[in-house]
Amino acid sequence: MEVPSGWRFLDPGEYQGMSPSYWIVRQGQNSSSFAGMRVFHISPERIGAYYGTSDADGDNLKIDIKKYCSKTLLEAKKAGTLNVKNFPCRIIDKLQACGYSGYEMRENRRYFANFWFVWRHDGMWEINIYSDPDSNEIPQELLKALDTIRWERR
């Protein structure tokens with residue numbers, strides 16, 4: 001992903017608490033800042049046990065990304081996320097992504113959030129984007145960064 005101007009990736013050694021695969025915060029901020037983007041990876045084994053189907057020999061795990069997103073949205077509502085709204089599905093790096101938005105409370109502050117889900121052969125990728133405290137909008141540069149996400153072979 002292209003990191004937007006004014007933002008930076010945190011090095012894994014800087015993380016406190018949560019352990020996303022990637023974490024973007026504003027320049028000069030650290031993991032105590034809730035505003036920004038976090039990308040989590042969930043292994044196929046962990047997801048498949050609850051949401052997947054596969055062929056007769058257990059290969060070719062398939063996930064219904066719309067169903068996964070809907071279930072996650074319902075869980076978010078139960079956990080207290082407010083004004084939850086589905087997004088139309090979109091494409092991120094040639095893959096279908098489904099998502100929703102809502103408001104979460106963190107440390108007595110309200111954050112507007114976007115949650116996107118992408119299924120790949122290597123698992124589920126969850127992209128969480130949070131506004132500045134008490135804002136009703138996600139920084140546009142973070143939304144535009146979704147279009148720069150690319151998975152590469154390692």
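Odds and ends about this structure:
- Candidate lysines - alpha carbon under 24 Å from Lys78, same-chain residues fewer than 8 apart omitted: Lys66, Lys67
- Taken along the Cα-to-beta-carbon direction at a fixed 7 Å, the label points for Arg109 and Val84 span 2.4 nm.
- Summed over qualifying helices (DSSP H, 4 residues or more, each -39500 (n - 2.57)) and divided by its residue number, the chain shows a 222 nm mean residue ellipticity of -5000 deg cm²/dmol.
- Percent RCO, i.e. relative contact order, over the stretch 99-143, from Cα pairs under 8 Å lying at least 6 residues apart: 32 percent
- With all protein chains in place and ligands, DNA and RNA left out, the 1.4 Å accessible area ranks Met37, Met1, Met105 as Met105, Met1, Met37, largest first.
- For the chain, the equivalent ellipsoid derived from the alpha-carbon gyration tensor has semi-axes of 26, 19, 14 Å in decreasing order.
- For Lys62, the lysines whose Cα comes closer than 20 Å to its Cα, not counting residues fewer than 8 places off in the same chain, are Lys71, Lys94.
- Degrees, to the nearest 10: 65-78 long Cα axis against longest axis of the chain: 50 degrees
- The chain, relative contact order in percent, only Cα pairs under 8 angstrom and at least six apart counted: 23 percent
The values are calculated or read from the model by the stated rules, or taken from the named source; none is laboratory data. Owing to the predicted nature of the structure, the values given are computational and were not obtained by experimental measurement. Cβ coordinates were reconstructed from backbone atoms using ideal geometry, including for glycine residues, and neighbour counts include every protein chain displayed. Each accessible area value is taken on the protein alone, full model and side chains, heavy atoms only, with ligands, DNA and RNA left out. Shrake-Rupley method; radii C 1.70, N 1.55, O 1.52, S 1.80 Å.
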